[in-house]
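The values are calculated or read from the model by the stated rules, or taken from the named source; none is laboratory data. Note that the coordinates shown come from a computational prediction; the quantities given were computed from them, not determined experimentally. Every residue, glycine among them, receives a Cβ derived from its backbone with ideal geometry; neighbour counts consider all protein chains shown. In case anyone asks, the SASA skips ligands and DNA or RNA and just uses the protein heavy atoms, side chains included. Shrake-Rupley method; radii C 1.70, N 1.55, O 1.52, S 1.80 Å.
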Amino acid sequence: MEEKENLITVNIDGQDLQVPPGMNMVEAAAILGKEIPHYCYHPKLTIAGNCRMCLVELGMPGRDRATGEPMVNKDGTPKIMWMPGPAIGCGTKAAPGLHIKTDSPKALESREAVTEFLLINHPLDCPICDQAGECTLQEFSSSHGRGYSRFIEQKNVKPKRTRLGPRVTLDDERCVLCSRCIRFCDEVAGDSVLGFTDRGSYSTLTCFPGKELANNYSLNTVDICPVGALTSTDFRFKMRVWFLKETNSIDFETSVGVNTVVSAREGTIYRVKPRRNDQVNDTWMPDSGRELYKQVESDDRLIQCTIDSLATSAVDAIAKASECLQGGGVAIVGSGQCSVEEQFALKAISDGIGAKGVYLVARYGKDDGILMSVDRNPNVRGALMAGLVNDLPDEQLGELGAKIDSGEVTTVFSVKEDLIAGGLTEDQVGKVKIIYLGTHENTTSSLADVLIAGLTQFEKSGTVINQQFRLQKFSRVVPGPGGAIEDLYALATIQANLSGESFPSTVGSLWKQIGTEGSVFEGISFQSLSDQGELLDGSAFEHFSFREGKSLHFEPKKEALAIE
Amino acid sequence: MSVHPKEQRIILKYADEPGYTPDIDCYMKNGGYEMLKKAVGMEKQAICDEVKNSQLRGRGGAGFPAGVKWSFVDRKSGKPVYMVCNCDESEPGTFKDRQIVHKDPHQLIEGIIISSFATDCAKAFIYIREEMPKGAEILNQAIKEAKEKNFVGDDILGSGYSCDIVVHRGAAAYICGEETGLIESLEGKRANPRIKPPYFPAVLGLYMCPTIVNNVETLCNVLHILRMGADEFAKIGRPNNTGTRIWCVSGGVKRPGYYEVAGITLGELVYDICGGPKDGRTIKAIIPGGSSMKILKSGERFTGKDRDGNGYDWGIEDIPLDYDGIAAAGSMSGSGGMMVLDDSVEIPVALANLMAFYSHESCGQCTPCREGSLWLKKITTRMVHGQARPDDVDLMKSVADQIEGRTICAFGFAVAWPVQSYLAKFEDEFREFAERHSRMGGDRTAAKELACNH
Ligand SMILES: Cc1cc2nc3c(=O)[nH]c(=O)nc-3n(C[C@H](O)[C@H](O)[C@H](O)COP(=O)(O)O)c2cc1C
Ligand code: SF4
Ligand code: SF4
Ligand code: FES
C-alpha cells in the first residue's frame, strides 16, 4: 500500500494492527477476523451508538500529568491507561496507540448484559418469524446470551402487524430500536418518514402521521433490520430462509448495475436482495428491482418457440431463423438488455450476413439521484464494447423505419425489443419478415414469423457492463421453461448455421475467445471474474454523451464530521 | 418571607423581598444591568479569566468548572458559537431555577448576555421546561423590556456586539435536561442524547456548531463574579466550591424550601435552617443532590482522606454542604435538590417510586437504560405489591450493575445509583420487606396494572 505512511497502529487484544486513521473498531477488529457483535452499527449509515452491543474496553498510552512524558512499564513498553467503563467499538475511531480489548471479561459481561436486556421484552416468536435463521438477535443470543431468563415479569405489548407502506410490514414487539431503518430513510433514501414515538422500553417505531414508507428504497429497511421487525410484505410467511439457495445476480433495471443476490428453492425464486459492492451500490437496491423475478413466471411469458405462430421445437425455430437470415435485406435490432456474450454473438451474425443496419433501443427514465440512473438499459456499454453498435442508441427506430419503407430492409431480427414500442408503425412491421428472440409477449412476438422463446436474466448466466464500464457477472438462479432456449445458445447456433463454422455457445467458452484478442477484455475469463466485477478501460467511449445523471456519482452519506 | 440568618443570599437577594417585581424598572432600581454596562467595556478574555479564576462550578448537575468549559469551545471551525441556558429543571426535588425565572428574570438575562458577550456567542437560547408556561411568559416579557433598553439585540449598548435571546419551551421530558438531548430537542427533534465522542457540545453542539450549555444558576453567578471580582467571589464557600448554592429541601423536615447558602454543613441546612425532622420523626436518610444521586444514611460514618491528605470521619450532619464534601461522602451535590426521608418512609417503596419515574423518562435509545429501568420498575412494583421473591434483591443489584457506565448519557447512572446505594445501605430492610410482603399474599391484579401501565 502506497499510503503506508498514513496508517496508524492500534492494538486489538494484544495484536498490533495498521489501519487508516478514523477507522472504527468494529471494522478494525474485522480485519483481524474478530467479530465485535453489533446491531445498530451499519457500515453505510451514521453511527448511532445506541444498542451498546459492541462495548469493548478502551485504553490509551498514559502520560505523566506533571511532565507530560509517556509512562512506561518496567519492561519499557508504554503503560496503557484503561478506561474504567467500557466504550462502544462502533463509535471509537482509530487513534495512534489506541488499545482495545474485545474479549476481556468486562467486554463479554457487557455483551451478555445487553443480550439479556434485548430479550426480556422480546416476544421470542422465532417459530413464526421470517427472520429466523438470519436474525442477528438469534445468533448473538446463542453466542453471547446466558442461556436462561431471569425475567419473570409481564412483557411489554406492542403492535404486531403494522402496514408501514405498500411493501413493508412492521412487528414492533420484535424491534430492538436500533434506528437503522430510520437512519436509512433519513440519510440514504432522503425520505424521512420513520421515527419512534413514546419513551423508554415503550418506544415504538412508527410512520409519521399521514406518511407511509413508500419510497422506491423502502425494502432496504427490511434488509438492514437486524431482527424480524421489518418484514417484506411480499416475502412474509412464504419460505423459511434456511431452505433458500442464494445466487449472485445483477439488477437489470438500469445502467447502475446494482449487485444483487437472488434466493430460490426448487426452481422458484422467492426474493431478490442487494449484495454489497462499495464501488457500485454499497449495500442498497431499489424496490423495483426486487420485483423483476416475477417476470420468470408471469402470465405473458413466452414458453414455446413458434414458426408462423405454430408451436415448434427450439431446434426447428433456430433452423428456420437461420434460413430467413440468409435471404439478404436483414436488419438487426439488438438490445441493451442483452448480455455482453449475446451481443458478441449478435455482432458475429450481423458481420456474417452483412446486415443492413444494427440498432438498439434506448430507454431513459428519471434519475432519482440514488441508484436509478437515466439509462434504463443495463448493458448499452456492452453493445458498444462488443462492437455491435458504434454509437449511442436512439429511443426510436426511425432510421430502420425509413429503410423498411424504402424496401432496403425486408427482414428484421429483433432480440428482446418490441418494434412497435421502438417506434415502428404497424404498417412497417407488417411489411417485413420478423424473427424474434425474446421472453415475453408483445406485438412483435405476436407478429413474428419465427419466434424463439429465450430466457430471463434469472435463468442464464452472463455479464453486463455498467455505467462505470464495470464488467459484472450474473448467474443462473433457476432453470427456464421447457420450451425455451438459452439466448446465447440460440444465437451461437444461428451463427454456426450461417457461417458453417462452430461458434462458442456457452458463456465460458465464448469468454475464451473474447478474453484473448488483445482487446479491453484481455485476460478476463468468466470464471475468474470477481463478484465485485472488474473495471474496464472505457476511454475509447469518452466522447459519447451518455445520459446518466447524478446517480453515476452515487456517494454513500459519510458519517457526520468527527472531531480531531 | 424572612430569610434565615444562616442563609447567604446573593442570587436570591431580591427575589423574595416584599414589593420586588420581575419588571425591568424594579431590576434596574436595584442596580440591574450595571454589570452588563461594565462588561461591554471589558476585554472578552478578561471576563472569561474572571470566571475561570472564580472557580465557579456548574450548578446543573455535574459541577464542571464553568470557565474551563468556556475555554473548550472550538474557535477554529469558524462556525458561530451558541449559548444555551439550561432551564429544564427536571431533576426530581429541584425547584431553584424556577425561583430565579419567576421572580428575578432580568438577573438571568443579564447573566446570559454577559456570558454570551464574554464567549462571543452569536445567539443565546433559554430552554425552559414545558411545565413552566408562566416562566416562559415572564422571560419573553423581560427580553422584550431588555431589548427596548438595548441590553439585548443588535449592537448592545453601542458595543458592536449583537445577541438575541430565544426562549424555547421544552418537550416535557426529563431527558430534555441532559445537555445533548436538550440540543436535539432545541433543533426540533426527539431529545435523544448524542454520543460523545464525537458530539461534545463545545465542538459539535446546536446545529453542529460549538455550543456552551450552562444552568440558570451558573449563568446568574457570572454576573456576581463580575460585580465582586473573582477573588472576592472565591472567598465565599471553600476553595474549589466557591460561591453560594441554592439548595432545594423537600420531604421530612419542618421547613422545606429553597435556601441559598455557602460554607455550611448538611446538618446546619437540615436541622438549623429547615428545622430538622417533623415532630415525632427521625431522619432516616438523605438524598443530597436530586433523585439520581446516591443516598446517605443516618448513622452512617463517612471516612476517608481529603485532597491534602487529612483524614475525616463524619456523621451525616457533619458533611460539608458542597461539591467536594458530598463527593467525599460518596455521593454528589447534583442539582441541589435535597430529599429528606424520615422514618415513615419505607426505602423499597421510595425506590419503586423512583424506578417508576426513571423507566418512564428513559429516552429509550440505549438498551441497558431502556430495558433495565423498566425491568427495575417491574421488580420494585411487584415487590411493593406483595409479590416479592427472595432473589429480587440480588437480581436488582445485578440489573443496576448491568446498566451503570454502559449507556450513552448519564441517565444510566441516575437509574443505577439509587438502586445500588439503597440496596447497599438498606439491604436488610429490602430483605425484610420482601419477606413480609410476600407472606402477606399480594394483590396480583394491582401489581399487574402497575407493572404494565406506564
Ligand atoms: C438525565 C439528565 C438530566 C439533566 N437535567 C438537567 C436540568 O434539568 N437542568 C440542568 O441545568 N442540567 C441538567 N442536566 C445536566 C446537563 O446535562 C448539563 O450538565 C448542565 O446543564 C450543564 O450546566 P452547568 O455546567 O452549568 O451545570 C441533566 C443531566 C442529565 C444526565
Ligand atoms: S424496525 Fe428493525 S431496523 Fe428499525 S429500529 Fe427496529 S430493529 Fe432497528
Ligand atoms: S442512558 Fe437512557 S436516557 Fe440516556 S441516552 Fe441512553 S436510553 Fe436515553
Ligand atoms: S453497534 Fe450499537 S452501539 Fe455500537
Which whole-angstrom value gives the distance between the alpha carbon centres of the range A:115-164 and the range B:304-328?
47
Projected onto their principal axes, the Cα atoms of the range A:370-509 stretch, largest extent first, over whole-Å spans of 41, 39, 29
Between the range A:273-302 and the range B:165-224, how many Å separate their Cα centres?
45
Computed [θ] at 222 nm, deg cm²/dmol, chain A (DSSP H ≥ 4; -39,500 (n - 2.57); rounded to nearest 500)
-6000 deg cm²/dmol
If eta is 0.890 mPa s and T is 25 °C, what Stokes-Einstein diffusion coefficient results for chain B, Kirkwood Rh from Cα pairs, in µm²/s?
107
Charge dipole magnitude, Cβ of K and R +1, D and E -1 - the protein assembly as shown, Cα centre, debye nearest 20:
2520
Farthest towards the positive end of the dipole of chain B, among B:Gly257, B:Gln420, B:Ala66 and with Cβ unit charges of +1 on Lys and Arg and -1 on Asp and Glu, lies the Cα of B:Gln420
Return the loop-located chymotrypsin sites (Phe, Trp or Tyr not before Pro) in the range A:229-305 (DSSP other than H, G, I, E, B) with at most 12 other Cβ atoms within 10 Å of their own Cβ; answer none if there are none.
A:Phe237
Counting other Cβ atoms within 10 Å of each Cβ, which GluC sites (Glu not before Pro) in the range A:447-527 have at most 12 and sit in a DSSP loop?
A:Glu501, A:Glu517, A:Glu522
Could you size up the charge dipole of chain B around its Cα centre, putting +1 on the beta carbon of Lys and Arg and -1 on that of Asp and Glu, and report it in debye to the nearest 20?
620
Quick one: dipole size for the range B:139-259, taken about the Cα centre, charges +1 on Lys/Arg Cβ and -1 on Asp/Glu Cβ, in debye to the nearest 20.
580
If the cut-off is a Cα-Cα distance under 29 Å, which lysines reach A:Lys403, setting aside same-chain residues fewer than 8 apart in sequence?
A:Lys320, A:Lys347, A:Lys356, A:Lys416, A:Lys431, A:Lys433
Amide H proximity to B:Leu296 below 5 Å, modelled H, separation 5+ or other chain, gives B:Ile286, B:Ile287
According to the square roots a ≥ b ≥ c of the eigenvalues of the Cα gyration tensor, what is the shape class of the range A:4-113, taking rounded for a/c under 1.5, prolate for a/b larger than b/c otherwise, and oblate for the remainder?
prolate
So how compact is the protein assembly as shown: Cα radius of gyration and Dmax in angstrom?
36.5, 118
Counting only helical runs of four or more DSSP H residues, what would the 222 nm mean residue ellipticity of chain B come to if each run contributes -39,500 (n - 2.57) and the total is spread over all its residues?
-12500 deg cm²/dmol
Counting sequence-distant residues (5 or more places) and residues on other chains, those with an amide H built under 5 Å from that of B:His168 are B:Ile126, B:Tyr127, B:Ile128
What whole number of Å gives the distance from the Cα centroid of the range A:12-39 to the Cα centroid of the range A:176-212?
29
Show which lysines lie in cross-link reach of B:Lys76 when reach means a straight Cα distance below 23 angstrom and same-chain residues fewer than eight apart are skipped.
A:Lys93, A:Lys558, B:Lys44, B:Lys52, B:Lys123, B:Lys196
With axes computed from alpha carbons, what is the tilt in degrees of helix B:411-440 against the longest principal axis of chain B, rounded to the nearest 10 within 0 to 90?
30
Residue-wise, which Karplus ³J(HN,Hα) couplings in Hz belong to the range A:116-129, taking 6.51 cos²θ - 1.76 cosθ + 1.60, θ = phi - 60°, and x for glycine or proline?
4, 4, 5, 8, 4, 9, 7, x, 6, 9, 3, x, 10, 9
Extreme residue, positive dipole direction of the range A:4-113, given options A:Ala87, A:Val19, A:Thr102 (C-beta unit charges)
A:Ala87
Exposure rank, largest accessible area first [A:Leu292, B:Leu139; 1.4 Å]:
A:Leu292, B:Leu139
Can you list the HN-Hα couplings for the range A:271-279, worked out from phi with the Karplus curve (6.51, -1.76, 1.60; θ = phi - 60°), rounded to whole Hz and with x for Gly and Pro?
6, 10, 10, x, 10, 5, 8, 4, 7
Pairs B:Lys134/B:Lys254; B:Lys6/B:Lys254; A:Lys158/B:Lys378: which are spaced more than 20 Å apart, C-alpha to C-alpha?
B:Lys134/B:Lys254
Return the Rg/Rh ratio of chain A with Cα-based radii and a Kirkwood Rh.
1.06
Collect residues whose amide H, placed 1.01 Å from N in the peptide plane, falls under 5 Å from the amide H of A:Val361; neighbours closer than 5 in sequence don't count.
A:Gly336
Charge-dipole axis of chain A as Lys and Arg at +1 and Asp and Glu at -1 on Cβ define it, positive-most pick from A:Phe503, A:Ser551, A:Ala321
A:Ser551
Got the relative contact order for the range B:1-116 handy, in percent, Cα pairs under 8 Å and 6 or more residues apart?
36
Trypsin sites (Lys or Arg not before Pro) restricted to the range A:354-436 and DSSP loop, no more than 15 other C-beta within 10 Å:
A:Lys366
Quick one: 3J(HN,Hα) in Hz for the range B:196-212, Karplus 6.51/-1.76/1.60 with θ = phi - 60°, rounded, Gly and Pro as x.
10, x, x, 8, 6, x, 5, 10, 10, x, 4, 6, 6, 10, x, 9, 9
Taking a probe of 1.4 angstrom, what is the accessible area of A:Tyr364 in Å², to the nearest 10?
70
Out of all DSSP beta bridges with both ends in the protein assembly as shown, state the antiparallel percent to the nearest 5.
65
